[in-house]
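The values are calculated or read from the model by the stated rules, or taken from the named source; none is laboratory data. Only a predicted model underlies this, so the values are computations on that prediction, with no experimental measurement involved. Cβ placement follows ideal geometry from the backbone for every residue including glycine, while neighbour counts extend to all protein chains displayed. Side chains included, ligands, DNA and RNA excluded: accessible areas come from the protein's heavy atoms. Shrake-Rupley method; radii C 1.70, N 1.55, O 1.52, S 1.80 Å.
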Amino acid sequence: MRQIIVDIYISADEYLNVYRGSAKSVSAVSRDGLRVQFPASILQRFVTREGIRGSFVITFDDANKFQSIEQLA
């Protein structure tokens, strides 16, 4: 398994595109400089009135398939 850390800020207005169906993925640069793309839906439980803001640990399996996401404190 592999883990990356990404710092994300997505405004509430931007995240509305996921609900509207016009956005399905998020592209970000991990702290170690790797560009990653993942389904926007994995962030749904972190949405607040202001959008999504924070640092997240994303775990992938050896085939680069999403396993879990946790927000860092």
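Rg/Rh for segment 33-73 stands at 0.97; both radii use Cα atoms, and Rh follows the Kirkwood definition. Working from label points 7 Å from Cα in the Cα-to-Cβ sense, the Asp61 to Glu14 distance is 3.0 nm. Which loop trypsin sites (Lys or Arg not before Pro) in the chain, with loop taken from DSSP, have no more than 14 other Cβ atoms within 10 angstrom of their Cβ? Within the chain, the qualifying trypsin sites (Lys or Arg not before Pro) (loop, at most 14 other Cβ atoms within 10 Å) are Lys24, Arg31, Arg49, Lys65. Share of carbon and sulfur in the accessible area of the chain stands at 48%, probe radius 1.4 Å.
Pairwise Cα distances in the chain exceed 20 Å in 25 percent of cases.
How many Å² of accessible area per residue for the chain, probe 1.4 Å?
68 Å²
Each residue of segment 27-44 is assigned a 3J(HN,Hα), and the resulting list reads 10, 8, 10, 6, 4, 8, x, 8, 7, 10, 10, 8, x, 4, 4, 5, 8, 3 Hz, derived from the Karplus form 6.51 cos²θ - 1.76 cosθ + 1.60 (θ = phi - 60°), x at Gly and Pro.
Taking amide hydrogens as placed 1.01 Å from N in the peptide plane, the amide H of Ser30 sits under 5 Å from those of Arg35, Val36, each at least 5 positions away in sequence or on another chain.
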